[in-house]
Amino acid sequence: LELLADTTCNGATEFCSLPLHLYTWPGTHNSGSSELVIPDITAKLIEIDGHQRMIEVKPWHKECFFHNHQRDYKQQLDYGIRFLTVDACIENFALVNCHDADLGRVHGKEIEDSIDEIKTWLLANPREVVFFAYENVKDGLTSDELRKPLKKVFGESMIVETQAGFDAAEANVGGLRMLRWPKLGENLVDMNSPSMTLEKLIKANIRLLFSEDHSTVFASSYDKKGQASPQEMAAHLQSFAQKSAMTSPGTQSTYKAALLHTGPTGLECKNEISKLVNELMFPPDSSHTRLTVQDQKCSSCECHGYRSAVEVAQQQLLDRGYFLGAVVADYTVHGDFVETLRRMNFANLRRARQQPELCFQGAVSTTKKTSTPAGVTIATASPSAGVTTAGQPAPSPSPTVSISTTVTVQSCPAATNMQSDPAVSSAFVSALANTLSCCTIRHMRVNLTAQCSRLLE
């Protein structure tokens, strides 16, 4: 009875009517890298800053340099991840999850077992749709080889690839089906139709979407240099959203949707640096940060603002006429990733309904703005009469953050050093101090609580 009464689609009733091309999939990078077989190595020659260096491999490097997640597939789905990106290679004649890490290639469980795990989860959750996308495919694997585990688990006849196949699935709802998302330039199934919604897929029992290469679907923001540190990543995301040509190098076709990649690429411990990145990029609904988009109009009111650089990048893409297809992250045990993506999908819903963005209404006594190089503003104001969006009740106003161009963080010398660094804006330092308990900057671990009593190399 509980399942019959469920009217949600991927966690919210409102998302059922959202056109699929406007839905932003909450995803993980290298989703199958939580259960890897790590080789017994003690040293590895790798390239750092253009130079070959011998690195001693410690036992704790397993968590730092090979894995991208602590959660397995089922745990990620339970948390709210709906976009799984998969590295695949051959190991002992089997197609497996793998990862070409800085210290070498490692592998995990067989892809077939992963698909079976996903299918079992989908059968237990009939109002959910999941997107499974291959990302880095090794060993010259063919399309047939990549599809083999999908066909074996779901059945060969359960793959939908054409509009005729989709129409037939709607007319004769049977077992759980898959749909291959068309590549850029293909016109097999119109995924950009306003009538193509999560509800439509659920009613046809087409609840696993797949792609043999998500770069043929979404324009990725991935840039190894641009994602080496949190501050570089924030600037890179803004630059990508504002300036990317969104053109496929292979076909010169123009993408309609982007994928924002937030996995850190620096040589720091992945778990530790992901904690810093995710707490900065994916804050909770209660976050006080208010980032506004330059020149964006929010009806006749002052814009309420966004909580992270990822949400600002989404707005900039939408303003340019593109869609945000997915956001992927590492170690989503840190930060409030799914909560952030939920906010972003409600922003997508407002666009679909042609409603203005959230805005403050009523008198605002003081407003200070600190411009950042990315053309984004952090605005602070006294509490106002309330926040509204067209046709929706006003939630309670959030407390505000006082930000000035000179930032003092509880007499913390580390923060002072960061503030004097021209590469770190005062806005970043302030947001960091207000949202994080610790961070990794230039190989230093800084405790930003109390009087910053500890500074560990």
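For the stretch 276-365, what does the alpha-carbon gyration tensor say about shape, rounded, prolate or oblate, given a ≥ b ≥ c as the root eigenvalues, a/c under 1.5 as rounded, and a/b over b/c as prolate? Here the stretch 276-365 falls in the oblate category. Under 5 Å between amide hydrogens, built in the peptide plane, is the criterion, and for Cys359 it picks out His304, Thr388 among residues at least 5 positions away or on other chains. Segment Glu112..Asn125, full-extension length gain: 2.7 nm, with 0.36 nm per residue of separation and the alpha-carbon distance subtracted.
Length available on full extension from Arg320 to Glu161: 0.36 nm per residue minus the Cα-Cα distance, which gives 54.3 nm. Sequence-ordered 3J(HN,Hα) estimates for the stretch 254-264 from the Karplus curve with 6.51, -1.76 and 1.60 and θ = phi - 60° stand at 9, 5, 9, 9, 10, 10, 8, 9, 10, x, x Hz, glycine and proline given as x. Look at the Cα gyration tensor of the stretch 181-233: its axes a ≥ b ≥ c give a/c of at least 1.5 with a/b over b/c, and that counts as prolate. Extension gain, Gln70 to Lys151, is 26.3 nm, computed as 0.36 nm per intervening residue step minus the present C-alpha separation. Accessible area of Trp181 (1.4 Å probe, protein heavy atoms only, ligands and nucleic acids ignored): about 30 Å². Computed with a 1.4 Å probe over protein heavy atoms only, the accessible area of Glu311 comes to about 10 Å².
Protection proxy ranking, highest mean first, for peptides 227-237, 194-204: 227-237, 194-204, where packing is the per-residue count of other beta-carbon atoms within 10 Å, averaged. Computed from phi, the 3J(HN,Hα) profile of the stretch 270-283 under the Karplus parametrisation 6.51, -1.76, 1.60 (θ = phi - 60°) reads 4, 5, 5, 5, 5, 4, 5, 4, 5, 5, 7, 7, 10, x Hz, with x in place of Gly and Pro. Between Ala171 and Thr254, the modelled label-to-label distance comes to 3.6 nm, taking each label 7 Å out from Cα in the direction of the beta carbon.
Taking amide H as placed 1.01 Å from N in the peptide plane, the amide H of Val333 sits under 5 Å from that of Gln70, each at least 5 places away or on another chain. Spin-label model, Lys183 to Glu14: label points 7 Å out along the Cα-to-beta-carbon direction sit 3.7 nm apart. When each of the peptides 330-343, 142-155, 72-85 is scored by how many other beta carbons lie within 10 Å of its residues on average, the order from highest to lowest is 330-343, 72-85, 142-155.
Calculated over the stretch 217-318, the projected area of the Cα convex hull averaged across directions stands at 7.8 nm².
Residues whose amide H falls under 5 Å from that of Leu209, counting only those 5 or more places apart or on a different chain, are Val130, Phe131, Phe132, Leu179, with hydrogens built in the peptide plane. A simple count of charges around Glu311, restricted to other residues whose Cβ falls under 15 Å of its Cβ and scoring Lys, Arg +1 and Asp, Glu -1, yields 0.
Rounded to the nearest whole Hz, the Karplus-based 3J(HN,Hα) values (6.51 cos²θ - 1.76 cosθ + 1.60, θ = phi - 60°) of the stretch 111-120 follow the sequence 4, 4, 5, 5, 4, 4, 5, 5, 4, 4, with x at glycine and proline.
The values are calculated or read from the model by the stated rules, or taken from the named source; none is laboratory data. This one's a predicted model, so the numbers in the text were calculated from it and none came from an experiment. Glycine also receives a Cβ, built like all others from the backbone with ideal geometry; neighbour counts cover every protein chain displayed. Heads up: the accessible areas ignore ligands, DNA and RNA and are worked out on the full protein's heavy atoms, side chains in. Shrake-Rupley method; radii C 1.70, N 1.55, O 1.52, S 1.80 Å.
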